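Participant: Sharing a structure here in structure tokens format.
What follows draws every value from the coordinates through simple rules; no lab data is involved. None of the values given here were measured: they were computed from a predicted structure. All Cβ positions, even for glycine, are placed from backbone atoms using ideal geometry, and neighbour counts span all protein chains on display.
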């Protein structure tokens with residue numbers, strides 16, 4: 001009796017590639033997010049320091065209104081540029097690839 005391992009090899013390759021790629025993407029995204037948050041924090045501190053020194057004037061009410069409307073849109077799911085058919089697209093790629101990509105992304109994001 002001969003067992004054909006070609007389908008198993010294809011699935012294993014897909015799972016391995018998806019897992020490694022997901023891990024690298026998650027790790028990189030977390031590192032980039034950390035750098036961006038540090039830069040934004042330093043920028044915020046600089047603006048507050050300049051306002052404290054009376055070198056600039058900041059309209060905090062206008063900033064609060066803009067942030068409230070933006071965050072309200074995000075929490076309501078009204079993010080511009082999102083696609084409704086992303087689930088269909090991911091399922092067409094294949095469950096082993098998308099599953100391992102997602103698992104790798106989560107592990108990479110947690111390790112980053």
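Participant: Per 0.36 nm of contour for each residue apart, how much would the distance between residue 12 and residue 29 grow if the chain were fully extended, relative to their Cα-Cα spacing?
Facilitator: Gain in length upon complete extension: 3.6 nm.
Participant: Give me the distance between the Cα centres of the stretch 95-109 and the stretch 1-69, rounded to whole Å.
Facilitator: One Cα centre to the other: 17 Å.
Participant: Please arrange 20, 15 by counting, for each residue, the other beta carbons lying within 10 Å of its beta carbon, fewest first.
Facilitator: Result, fewest neighbours first: 20, 15.
Participant: Continuing with this model, one more query. Fewest first, what order do 43, 50 take by the number of other Cβ atoms within 10 Å?
Facilitator: Details: 43 10, 50 13.
Fewest-to-most ranking of 43, 50: 43, 50.
Participant: Additional query: In the stretch 20-60, if every C-alpha pair distance is counted and binned at 10 Å from zero, what percent goes to each bin?
Facilitator: Bins of 10 Å from zero give 27, 29, 20, 16, 8, 0 percent of pairs.
Participant: Can you tell me the FRET efficiency between residue 21 and residue 42 if r is taken as the Cβ-Cβ distance and R0 is 35 Å, rounded to the nearest 0.05?
Facilitator: The formula returns an efficiency of 0.65 here.
Participant: Using 0.36 nm per residue, how much length does the chain from residue 106 to residue 67 gain when fully extended, once their Cα-Cα distance is taken away?
Facilitator: The residue 106-residue 67 span can extend by a further 11.2 nm.
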